[in-house]
Amino acid sequence: MNLHFDTSLIRNYKSASQIARILTEDWLARNMYCPICGNTTIKKAEPNAPVKDYICEHCKSQYELKSKKESTDKYTTKVNDGVYRTMIERITSLDNPSFFFMHYDCYEVNNLIIVPKCFFIPEIIEKRKFLTKNARRAGWEGCNILLNRIPDFAKIPIIRNRVILDPKNVCKEYNRIYSLQTNCIESRGWLIDVLNCVEQLDTTFTLKQMYEFIEELQIKHPANNNLEAKIRQQLQILRDKGFIEFLSHGNYKKTGL
């Protein structure tokens, strides 16, 4: 894996956005393996495929790439994306893509992560304002991906500060985290919200501490009238999948987060 972009591709381009798109998309197509099955290559999808840039020919997994000129390995901000309605339709379907997020600088990849598709729900997609009637695409409604609403442990590093991580370990971690997959969007939302709460606590924590998030969770899930039971249910799922450990009555420990 060569971290450098092929700058020969942009000799006839002046637009910064076009240059960034050409360089990053070309780099991923030439260098990236499939983080799900380990196939050594992924290929670019057909032109204008909605919310799908790449596909693995072996396992048919789909991927979208989002890139930003940035040097940090922290992925906590919002990322611009395309049409809001198209994004919602794709991430709520059964064949939604996983997302690569890339940071680059000086024509070189600094950091690259992948977020499994099971962590994409409508609540992490923010509508942007309609373009005004004077704009070239008047009435167009875009969106942002709110990365700060995705649990940190779901942002699986592939390249960290220009260091390429072992592909076998990346695939293993992806599939471990993807064990949380559910086709129910509501269940995805609950799991993500509870995970975000757990990440704010120390390595060992109590059920009482989790109940302190009830007011916050009630705002996100106003139709649920038994939040305590829902929290316990999600903690049991995390325990059964090996992400937390039950220590004693009302006491837990993070083991895989």
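Annotations
- For the residue pairs K60/K253; K43/K155; K155/K253; K14/K44; K43/K241, the alpha carbons lie more than 28 Å apart in K60/K253; K43/K241.
- For the range 30-130: rounded, prolate or oblate by the Cα gyration tensor [a/c cutoff 1.5]: oblate
- Nonlocal amide H pairs with W140, under 5 Å, H built at 1.01 Å: L131
- GNM top mover of A16, A45, A29 - the chain, alpha-carbon springs below 10 Å: A16
- Comparing V83, V198, V115 in a Gaussian network model of the chain (Cα springs below 10 Å), the most mobile by mean-square fluctuation is V83.
- Summarising the label geometry, the points placed 7 Å from Cα in the beta-carbon direction at N39 and N12 lie 3.2 nm from one another.
- The phi torsions of the range 3-14, fed into the Karplus equation with coefficients 6.51, -1.76 and 1.60 and a -60° offset, translate into couplings of 6, 8, 7, 8, 6, 5, 6, 10, 4, 9, 10, 10 Hz, rounded to whole numbers, with Gly and Pro shown as x.
- Cα shape, the range 185-254, gyration tensor, a/c 1.5 rule: prolate
- Prolate/oblate/rounded call for the range 69-126, Cα gyration tensor, a/c under 1.5 rounded: prolate
All of the numbers you see were taken from the coordinates with simple rules; none came from a lab. None of these values were measured; they are calculated from a predicted model. Virtual Cβ from ideal backbone geometry, glycine too; neighbours counted across all protein chains shown.
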